[in-house]
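The structure under discussion appears below in the form of structure tokens.
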Amino acid sequence: MLALSQVSLFSLAGVSCNSVEQKIYVELNNMVPCVRLLNATHQIGCQSSISGDVGVIHVLESEANLEWVLSTGPNPPYMVILESALFTRSIMMKLKNGTGRVAGAAVVVSKTNPAEGFSPHTKCPNENTGVYSESYDPTMAHCNVTVWNPLGNGLSYEEFDFPIFSLNDDNDTEAIRQCYLGYNLGVNGSTPEYPLCAMQLFSHMHAVTDTATCMRRNDINFSINPEMVCDPLGDYNVWGSTKPLNNTAKGHKEGESMVIAATRLDSRSFFWDVAPGAESAVSGFVTLLAAAHALHNVTQEAHPPRTILYTFFQGEAFDYIGSSRMVYEMDHKQFAIDLDNVHSVVEIGQVGLRSSSELWVHSDPVSRRNNSINAEVSSLIDTLKSAAMNLNVTMSVPSFSQPLPPSSFQRFLRARPIPGVVIADHQSAFSNRYYESIYDKAANLNLTYPANLTEDEQLEFVTETANALADLATVVARALYKQAGGADAQLINIKAEPKIVTQMLYGFLVRSNNTWFQALVPPEFKNFLSKLECHYYVGVSQTPSHARTPTRLVQYLLANLTGTTINITKENCHNSLIIKPSSLPQLYSYVWVQGVASPNSTERQGFCVRSSVRLSKAVSPAFDLLQEYSSKDYSTWTESRWKFIKARIFLVASHDLEVNPLHFLALDSCLPAQCLASSQIQSARRRYFTKHNQKMILITAIKVMLFSW
Amino acid sequence: MNLERLPNEEKLSLCRKYYLGGFAFLPFLWLVNVVWFFREAFVKPAYTEQLQIKTYVKRSALGLLLWVAVLTTWITIFQHFRAEWGEVADYLSFTIPLGIP
């Protein structure tokens, strides 16, 4: 506060305070907060006070060192700096109960993944919104049979009343460490003396209690300053089909029997908007994209009796936002097809980590008690097994009766029993030891490139992971074709290309701004491609032109891989209604893409791609359709709003000095550099502190204190 | 307004106006009455209108005390229970604090 009053004095004098501010505070960049999320019953995440939380920095050495922070340290509150090895549930729970002595925490993210695994998600993901409930089958509810994520410590779902940030920049970490070593360690084991190095974290969240409260406060009209406090999570699903569907005619389509090939697009972590999701999301949708590409030619020449519908669901990490919305729309005649049109479902789960080339096919034992469903599922499993012959893939069935892993297919089963399977690389518990965490990156998939390759060479280099996923994509494509009733003779022509798979893996996991992606996206989208990897957090719902970058990338990729180029101009491509009279059904979507750049030139030959790929809204039905904000059946996740988020470090003076600057003037304690004799002090005091002067000093001090608040 | 220069009848009519005005849910008029006319009613030597002014001041003080009691009780109850009342409290509030229940 003394620092702030200095700042305000200078600003009153008319001098710009920026230079003084920079001398006092060191702003920390690249710090990612943990934000508050709310659902029907709880609030999770972190909250800071409205003017930021200030604490003396303490770099934690071990769990036993927590004693300093929680009881013995003489200068509470403390801001705890944790190495990633110390970011465990037991330490965080002890900090949570620290009541007033803990001002916040900052986690230093290490470059290498922790060896023992780390997953802040729960042990049983989405346990209340899947199909396994007490009414469906009590023995299988709440992961009684198999705990899917045994390494889960549930930190993402805890509520903290102090801010927690993650430190990603090495320079910042070094600055903090230097500051700590310079000021906060006492000399020869004595207690450290003021001034001390402190950190201030701002991440004040507006929403509170639960979704119903925050949505109600969004809508209040007659308050003095109406403010939005939270937004529902959501984005868009991507879907496409092998045969174009009339999208304006909603509801049941006569004669259509569809095989749905589903996967998920999103992931999450403890911190906001950081979700590398390599194994949990990218492995699945890259496989499905490759399978769709493999099926493209065959389905054009010899279309099978049933249509294959590719669906990429967004928001699945938060109680199945995308799939619950699509199933709701199918059930209520708001989608191009309805549930009677669905023949079967094949879902691709986490498939990136298969060891010994074995993949597992999961099915739902409860719906298989019905004989016809059981027959369908058995034949689907046989189709998958036979499609895997002669390839480097083995499809096995778990040896014991086990529920489905957390998957979008569970939402279809909630509506009605449908035959379907989920393909995954784990027989029971996840092989992914970093499920929904910041460590689920390319290294988790063993995606390594040889050294000394340029970016373009890395883009083209076919890694082992790419080969494995391409094999799986071939198997899935062939199985889908056979399941859709296609002829066996055509199966040999269906093959996924490892080159396409490795380019996709590079683009989604290493660097999205590469030449291949740039050729496939429209000109207005090219600025969204970055030189870092994508993050797959679902975020808050916006208009279709502002859908999340990964969603739009998948949309354009699917359009290019399953669509055809048609020879029309750019204007006609945008105004697709001109191409045909509006009386004909809306079968296709059109997108104008940039195309490749000709060598030695920046000119690009764009072209129009016609495909059946569309976006469908992925916001939970609890929000816009039903307005039941306390729903138990649908996802009710919302994200709080905030004004600004920042972090800074500075030197803080003792509390006495902050509260009473006049006390300082009284010169009771000598400053080491200017220690006057006490008699001189007395006479100086008498001369200075006349009645008039005292009054002026008091008034100035009060003005300063008022301004500094 | 300087009461010294007013004739006594005008003082009485002013006091009465403020007293009657306070019944229109304006307790501050009663506060003004009490503060302004306290000297006139109780300290100054007696004059004809002083008895009337005295009753007006006493009644204004009574009304003021009643209002203070009611408002204090309501404010205490509302501040304490606003978080628990949920929906009702939100509809009664003009500004709802951000980030705290």
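The values are calculated or read from the model by the stated rules, or taken from the named source; none is laboratory data. If you're wondering where the values come from, they're calculated on a predicted model, not measured in any experiment. Every residue, glycine among them, receives a Cβ derived from its backbone with ideal geometry; neighbour counts consider all protein chains shown.
Taking the criterion of being in a loop (DSSP other than H, G, I, E, B), surrounded by fewer than 24 Cβ atoms within 10 Å (Cβ to Cβ) and touching a helix residue (DSSP H, G or I) at 6+ places or on another chain (Cβ under 7 Å), the residues of the stretch A:252-274 that qualify are A:252, A:253, A:256, A:257.
Checking B:49, B:84 one by one, the residue that is among the acidic types (Asp, Glu) and more than 14 Å from chain A (Cβ to nearest Cβ) is B:49 and no other.
Test residue A:331 against the criterion of being within 22 Å of residue A:510 (Cβ to Cβ), surrounded by fewer than 24 Cβ atoms within 10 Å (Cβ to Cβ) and not assigned by the TED database to the domain that holds residue A:38, and give yes or no. Against the criterion (within 22 Å of residue A:510 (Cβ to Cβ), surrounded by fewer than 24 Cβ atoms within 10 Å (Cβ to Cβ) and not assigned by the TED database to the domain that holds residue A:38), residue A:331 does not qualify.
Each residue in the stretch A:564-586 was checked for being of a type outside the set (A, V, I, L, M), modelled with pLDDT under 65 and touching a Phe, Trp or Tyr at 6+ places or on another chain (Cβ under 9 Å), and 1 of them qualify. The residues on offer are B:78, B:42, B:25, and the sole one that is away from chain A (no Cβ under 14 Å) and at positive phi is B:25.
Can you spot a residue in the stretch A:175-194 that is polar (S, T, N, Q), part of a helix (DSSP H, G or I) and within 14 Å of another protein chain (Cβ to nearest Cβ)? Looking through the stretch A:175-194, none of the residues is polar (S, T, N, Q), part of a helix (DSSP H, G or I) and within 14 Å of another protein chain (Cβ to nearest Cβ). Among the residues making up the stretch B:54-88, those that are free of Cβ contacts under 8 Å to residues at least 12 places away in the same chain and within 24 Å of residue A:48 (Cα to Cα) are B:79, B:80, B:81, B:82, B:84, B:86. Being under 29 Å from residue A:494 (Cα atoms), over 23 Å from the mean Cα position of the chain (by Cα) and outside any strand (DSSP E or B) is not true of residue A:287. Screening residue A:450 on (1) free of Cβ contacts under 8 Å to residues at least 40 places away in the same chain; (2) crowded, with 20+ Cβ neighbours inside 10 Å shows it passes everything except condition (2).
In the set (1) closer than 22 Å to residue A:652 by Cα; (2) free of Cβ contacts under 8 Å to residues at least 40 places away in the same chain; (3) not small (Gly, Ala, Ser), the condition left unmet by residue A:86 is number (1). Exactly one residue out of A:346, A:393 is surrounded by 18 or more Cβ atoms within 10 Å (Cβ to Cβ), farther than 21 Å from residue A:129 by Cα and among the β-branched types (Val, Ile, Thr): that is A:393. Which residue is nearest to the other protein chains (Cβ to nearest Cβ), if the candidates are limited to the stretch A:199-251 and must be in a strand (DSSP E or B) and aliphatic (A, V, I, L, M)? This residue is A:205.
Flag not set for residue A:139, criterion: in contact (Cβ under 8 Å) with a residue 60 or more places away in the chain and either out of contact with any strand residue (DSSP E or B) (no Cβ under 8 Å at 6 or more places or on another chain) or within 14 Å of another protein chain (Cβ to nearest Cβ) (or both). Residue-level analysis places residue A:443 outside the set of residues that are farther than 22 Å from residue A:554 by Cβ and either modelled with pLDDT of 95 or more or part of a loop (DSSP other than H, G, I, E, B) (or both). Quick test for you: out of A:222, A:202, pick the one residue that is over 27 Å from residue A:113 (Cα atoms) and surrounded by fewer than 19 Cβ atoms within 10 Å (Cβ to Cβ). Sole residue among the options that is over 27 Å from residue A:113 (Cα atoms) and surrounded by fewer than 19 Cβ atoms within 10 Å (Cβ to Cβ): A:222.
If you go through the stretch A:32-51 and keep only what is assigned to a strand (DSSP E or B) and touching a Lys or Arg at 6+ places or on another chain (Cβ under 8 Å), you end up with A:43, A:44, A:45, A:46.
Criterion applied to A:143, A:179 was being outside the structural domain of residue A:406 (by the TED database), under 24 Å from residue A:118 (Cβ atoms) and among the hydrophobic types (A, V, I, L, M, F, W, C), and the one residue passing it is A:143.
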